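Engineer: Can you read through this structure? Questions will come right after.
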Amino acid sequence: MSGGLCLPLLLLPYVIGIAVAHSPKESAQPLQNPDNGSQASVPLELEEIVFVIQSQSNSFHEKRAKDLKENILKQAAEIGKKPPIVLLLHEVADNEGAWTVLPVIPYFADNYGRNSSWIFFCEEDTSVTLSKLMETLQRFDRSKIYFLGKPLYDEESTIIHHYAFAEDPTFFKYPDFAAGWALSMPLVRRLTEILIKDPPSSDFTIDLKHEIALYIWQKVDALELTPVPEFCTEDPNSPKAAECVTAFTKTLPVCGKPVKSEDIFVAVKTCKKFHKDRIPVVKQTWERNAAHLEYYSDYADAAIPTIDLGVPNVERGHCGKTFAILERFLKSNSRARWLVVVDDDTLISLPRLQKLLSCYDCYEPVFLGERYGYGLGARGYSYITGGGGMVFSKVAVKKFVGSKCRCYSNDAPDDMVLGMCASGLGISVTHSPLFHQARPADYSKDYLSHQVPVSFHKHWNIDPVIVYKSWLAQDKSDEPRQRKYAKEDL
């Protein structure tokens, strides 16, 4: 939603409750899982591992996931093993919430519970060495309950985690998906029993990796993530990666020449009360990189300049303003192929966005940013959270405006309404972890260490100019580190 992270406004009682309920002082003792069980001595076969690539239906991401699947199958052949089952998560079930993993856990139990020992999850950019994965998983007794991964933790309580474990945020560990993570089949079966009786209670999915770990901790006797040092996010070509099962390319994807700045139209949502403190930050940081930019407000100020769309300002939601922006973009006959809608307290690197957009087809209905979910356990929908920036191809804008989908009120949450519309129109909500609804301090340092971020949001207790210069300002040293993808392969 415009103007800030939507969840505290809607879920304040829940936020307060979880901060108290999950204090580490009141937590149960974790299950004890010794590594010397009987099954640990039985050789693990590759076919006992089910690989799940956390894929998306967008053509660029689907191609990357299929490339990883082919690599896994090729490795299996090279080491003389039977090919394992490799699944693309977006193809597993006709369920808009499949990307949140928990809804499809029963599917894994029903289809692979008897003949498989592990479900191994990874992202489409994760490099996996099968022989080392087998050696590593062999250390753990597959007849027992295990939740394996590379641990992340919060250094301070954060809004994106509902301020959970406020007394000691470092207490709770959750997996870095980029390094891969694994569930033993006994845990999958246990979770299936629990999920059928007690599905996740929160309507919102914000940070999936944290929420999965929290659900397991809450429901499976305070089971904690077991750290696996071989699950890494080192660059595949670095010396450190030689001892790792997994690795992760820490660069910005580039599929050809960056999209021209003239092909991107930037719309900044603001209002009169923020003209003097937020707009100067935009002008001091990233405005200079925009070829086409307009400020939309409830007051026309020629000094900025701002444009009054005739939509009254509201305290939250701003749906009326956002739909007016979409309509104005089409009526302007702009030749720009992309529309970017941001808040006045969004910090964004447009040069990085230009490179990232080279990987997406502007002739597809692309709706890109940081993905959240609402009500996905019961016919809900995914949406792009507004504070991190919403990116639309012109084709997508035409579909939104040409449909009957509209705001039910001017102060409805614009990002959520657009997500609901996208679901009805069959427009895929495409996630990029490089967009951020919150500040750098709200994310684990280790998580951000393997990113080239595109955006952050909010000016709470920070100097936004320093944050921009530290995290988003274009640096020539980025250039040789970008990974290339052949456009013709997409």
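The values are calculated or read from the model by the stated rules, or taken from the named source; none is laboratory data. Please read these numbers as outputs of a predicted model, since none were measured by experiment. Reconstructed Cβ throughout: ideal geometry from the backbone, glycine too, with neighbour counts over all protein chains shown. Quick note on the areas: whole protein, heavy atoms, side chains included, nothing else; ligands and nucleic acids left out. Shrake-Rupley method; radii C 1.70, N 1.55, O 1.52, S 1.80 Å.
Engineer: Suppose we filter Tyr485, Tyr468 for residues that are of a type in the set (Ser, Thr, Tyr) and modelled with pLDDT under 95; which single one remains?
Structural biologist: Tyr485
Engineer: Please identify the pairs in which a residue from segment 307-335 that is at positive phi has its Cβ atom under 6 Å from the Cβ atom of a residue that is in a helix (DSSP H, G or I) and open to solvent by less than 60 Å² (accessible area, probe 1.4 Å), counting only partners at least 6 apart or on another chain.
Structural biologist: His318/Asp414
Engineer: Next question. Is it the case, given these coordinates, that Asp298 is open to solvent by 10 Å² or more (accessible area, probe 1.4 Å), over 20 Å from Gly387 (Cα atoms) and among the acidic types (Asp, Glu)?
Structural biologist: For Asp298, the condition - open to solvent by 10 Å² or more (accessible area, probe 1.4 Å), over 20 Å from Gly387 (Cα atoms) and among the acidic types (Asp, Glu) - is not met.
Engineer: Turning to a different aspect of this structure: With the requirement that a residue be farther than 14 Å from Val401 by Cα, small (Gly, Ala, Ser) and within 30 Å of the chain's Cα centre (by Cα), what does segment 296-333 give you?
Structural biologist: Ser297, Gly317 - these are the residues of segment 296-333 that are farther than 14 Å from Val401 by Cα, small (Gly, Ala, Ser) and within 30 Å of the chain's Cα centre (by Cα).
Engineer: Then there is this: Can you find a residue in segment 315-332 that is open to solvent by 30 Å² or more (accessible area, probe 1.4 Å) and farther than 23 Å from Ser393 by Cβ? Can you show your working first?
Structural biologist: Residues of segment 315-332 that are open to solvent by 30 Å² or more (accessible area, probe 1.4 Å), as a first pass: 315-316, 327-328, 330-332.
Cutting the leftovers down to farther than 23 Å from Ser393 by Cβ gives us 315-316.
There is at least one residue in segment 315-332 that is open to solvent by 30 Å² or more (accessible area, probe 1.4 Å) and farther than 23 Å from Ser393 by Cβ.
Engineer: What helices (runs of 4 or more DSSP H), lying completely within segment 386-453, carry at least 3 residues that are at pLDDT 95 or above, touching a Phe, Trp or Tyr at 6+ places or on another chain (Cβ under 9 Å) and within 20 Å of His90 (Cβ to Cβ)?
Structural biologist: Correct list: 414-425.
Conditions tested, residue by residue: (1) open to solvent by less than 60 Å² (accessible area, probe 1.4 Å); (2) over 21 Å from Val282 (Cβ atoms).
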site: Lys399; (1), (2): no, yes
site: Arg406; (1), (2): no, yes
site: Asp415; (1), (2): yes, no
site: Ala422; (1), (2): yes, yes
site: Ala438; (1), (2): yes, no
site: Pro453; (1), (2): yes, no
site: His457; (1), (2): yes, no
site: Pro464; (1), (2): yes, no
site: Tyr468; (1), (2): yes, no
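Matching residues to (1) farther than 21 Å from Val366 by Cα; (2) part of a helix (DSSP H, G or I); (3) open to solvent by 10 Å² or more (accessible area, probe 1.4 Å):
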residue	(1), (2), (3)
Glu62	no, yes, yes
Leu73	yes, yes, yes
Gly80	yes, no, yes
Pro83	yes, no, yes
Asp94	no, no, yes
Trp99	no, yes, yes
Val104	yes, yes, no
Asp110	yes, yes, yes
Arg114	yes, no, yes
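Engineer: Counting only residues that are of a type outside the set (Lys, Arg) and not in a strand (DSSP E or B), how many does segment 345-384 have?
Structural biologist: Count: 23.
Engineer: For segment 276-289, what are the residues that are of a type outside the set (Asp, Glu) and more than 16 Å from His318 (Cβ to Cβ)? First the steps, then the outcome.
Structural biologist: Filtering segment 276-289 down to residues of a type outside the set (Asp, Glu) leaves 276, 278-286, 288-289.
Across segment 276-289, the qualifying residues are Lys276, Ile279, Pro280, Val281, Val282, Lys283, Gln284, Thr285, Trp286, Arg288, Asn289.
Engineer: Only one of Tyr363, Tyr381, Tyr374 is over 30 Å from Leu102 (Cα atoms), among the hydroxyl-bearing types (Ser, Thr, Tyr) and open to solvent by 20 Å² or more (accessible area, probe 1.4 Å); which?
Structural biologist: None of the other options fit; the residue is Tyr363.
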